[in-house]
Amino acid sequence: MPKSFKIPDRSDFPLNFKFGSACSALQIEGELNRKGAGLSNWEHFLRKKPVLQDLKMGNGFYEKFQEDLKIAKTLGLKEFRLSISWSRLQLNGRGDLNHEGLDFYLNLLKSCQDLGLEPWVTLYHWDHPQALEEEGGWTNRDMVEAFSDFAEICMQLFSAYVSKWFIFNEPAVVAGAGHFLGVHAPGRKGMRNFLPCIHHILLAQGRAFRRMKSIDSKAEIGTALSMMPVHVPSLKGSNLKANARVDALMNRLFLEPALGLDYPYEALPWLKKIKKYMEPNDKFEIQVDFDFIGVQTYTRLMVEHKWYIPFIKAQLKTAESRGKLYNAMGWEIYPRAVYEVLVRLKSYKNLPPLYISETGIPLKDELQLGRVEDPKRVKYIKETLFFAKKAMHQGVDLKGIFFWSLTDNVEWIHGNKPRFGLVHVNYRTNERTLKASAHWLKSWLGSKKSEFKQPATAVLGTRE
Ligand code: GCO
């Protein structure tokens, strides 16, 4: 951290700079396959794992969304990013709507409007109906049309309340964790699943974008991409090549084709096999003139060359093995990542405005005597604000920051143990308690001049 580190004031950001929170349907709503919803690929994937119980319970948002929206409002946040569960709205992914699901989302969006919170709706935050998965899901080109239909339906149903849309959330994770490693839903593995998944998601994104715009040309439509700085322990040639490969996989794979730059074949020659899934017009269809791009950054990656790792020939060096501070997910605590990613994006021509559509820190927060002290989160947020501002000084067109997340929620295969919320959730009662970070953010958002000091050094030296 630079010596001159000074937390910016709210007034150091433009008045119309957006501050909001982000969440996703599956991680908070719970009770997915009841209340009239269909089975989602994630419930199916987790059906034999104990963590399914956490997913089924969510965090009570389905019943308590009014309370959560009011909390967001009280904190001074004006933007509320949420996602629509496809299987709640359309049980099997096609055809008739589930009216209970429709009413839920309409009520949610109307409540946002009533409270003066702007909803930013993600159409695909990793879950889709299991019925579509059984047809091959993203490995099947038919999914492109099914998803574009869904996007069009959502636009028709909700455009009266929604003018900001994210089409996809972190497609690189869907492809990598869900279709190569098989550790996320749908649990598919290997190149024969990974490559068609990448291409079909990009195609679906392009098609959905055009169909949405044809309904509401004024809607602002973007997508949310996970991006992380990739570092190497030494500058020897083999490590630099490893760096280029991991960077292409993590940061370029979904961005560049959408910008019309083609797949990063030069860094990842095996990617050429993706051509098998391409039809003549696809290259153009996957190009999208986004209104904005969301960037999601939680940490940096430190990698080194390892010849025996298939395809990528690189291995991650954990924060723990490097003696660095890390959070409850084992990720290095590295808020500067935000700055590095944003500044690097400046090298792309004609990039639309950027948002940090997610950033946050998982901790093992505990409720004690009615309070939750989370000084590491306070510090993380302060530093994120510092680095976001620094990137803006360098000319990055950053328009807003969304904190992941308003409330503690279900962290996919990790269940509800890692807590990302500004607000603590008691999972037995679903009672909400503002953490110290929520109180801090509230005063910061409402302040004109910073009254805040850097946290005590004791906090800097502790480990999660
Ligand atoms: C993602 C997803 C979120 C996660 C969050 C923390 O980025 O992985 O958008 O659903 O919960 O990022 O891992």
request  = Tell me which residues, restricted to the range 227-272, are in contact with a helix residue (DSSP H, G or I) (Cβ under 8 Å, 6 or more places away or on another chain) and β-branched (V, I, T).
outcome  = V230, V232
query = Which of the residues that make up the range 28-38 are part of a loop (DSSP other than H, G, I, E, B) and modelled with pLDDT of 95 or more?
reply = E29
request  = Go through the range 177-204 and count every residue that is hydrophobic (A, V, I, L, M, F, W, C) and under 15 Å from A146 (Cβ atoms).
outcome  = 4
task = For V295, work out the one condition from (1) buried (at least 21 other Cβ atoms within 10 Å of the Cβ); (2) more than 30 Å from G400 (Cα to Cα) it doesn't fulfil.
result = (2)
message = Can you tell me which of (1) surrounded by fewer than 16 Cβ atoms within 10 Å (Cβ to Cβ); (2) within 16 Å of the ligand (Cβ to nearest atom) is the one R371 doesn't meet?
response = (2)
remark   = Log entry, pairs with first residue in the range 290-312 being within 14 Å of the ligand (Cβ to nearest atom), second being acidic (D, E), beta carbons closer than 6 Å, six or more apart or on different chains, reads Q296/E358; T299/E332
inquiry  = Within the range 294-304, does at least one residue satisfy the condition of being more than 30 Å from G395 (Cβ to Cβ) and out of contact with any Phe, Trp or Tyr (no Cβ under 8 Å at 6 or more places or on another chain)?
reply    = yes
ask   = Do we have any residue at all in the range 98-115 that's touching a Leu at 6+ places or on another chain (Cβ under 8 Å), charged (D, E, K, R), more than 16 Å from the ligand (Cβ to nearest atom) and part of a helix (DSSP H, G or I)?
value = no
query = What are the residues in the range 176-206 that are of a type in the set (S, T, N, Q) and either surrounded by 23 or more Cβ atoms within 10 Å (Cβ to Cβ) or within 17 Å of G222 (Cβ to Cβ) (or both), if any?
reply = Q205
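Conditions (1) more than 19 Å from the chain's Cα centre (by Cα); (2) of a type in the set (A, V, I, L, M, F, W, C); (3) surrounded by fewer than 23 Cβ atoms within 10 Å (Cβ to Cβ); (4) within 16 Å of the ligand (Cβ to nearest atom), marked per residue:
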site	(1), (2), (3), (4)
A131	yes, yes, yes, no
E135	yes, no, yes, no
N140	yes, no, yes, no
V144	yes, yes, yes, no
F150	yes, yes, no, no
Y161	yes, no, yes, no
V174	no, yes, no, yes
Odd one out for M250 among (1) within 16 Å of the ligand (Cβ to nearest atom); (2) not in a helix (DSSP H, G or I) = (2)
ask   = Does L363 satisfy the condition of being more than 14 Å from the ligand (Cβ to nearest atom) and not basic (K, R)?
value = no
request  = Exactly one condition in (1) farther than 16 Å from G294 by Cβ; (2) surrounded by fewer than 17 Cβ atoms within 10 Å (Cβ to Cβ) is not met by N327; state its number.
outcome  = (2)
ask   = Taking the range 403-439, which residues are within 11 Å of the ligand (Cβ to nearest atom), out of contact with any Leu (no Cβ under 9 Å at 6 or more places or on another chain) and either on the phi > 0 side of the Ramachandran plot or of a type in the set (A, V, I, L, M, F, W, C) (or both)?
value = W404
ask   = For the subset of the range 45-92 comprising residues that are of a type in the set (V, I, T) and assigned to a helix (DSSP H, G or I), which member is farthest from N409 (Cα to Cα)?
value = T74
task = Please note which strands (runs of 3 or more DSSP E) are completely contained in the range 350-456 and include at least 3 residues that are farther than 29 Å from K49 by Cα.
result = 354-359, 398-404
task = Can you work out which of the residues in the range 75-129 that are surrounded by fewer than 23 Cβ atoms within 10 Å (Cβ to Cβ) and among the polar types (S, T, N, Q) is farthest from H439 (Cα to Cα)?
result = N92
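The values are calculated or read from the model by the stated rules, or taken from the named source; none is laboratory data. Note that the structure is predicted; figures quoted are calculated from it, not measured. Counting neighbours? That spans all protein chains shown, and the Cβs are built from the backbone with ideal geometry, glycine included.
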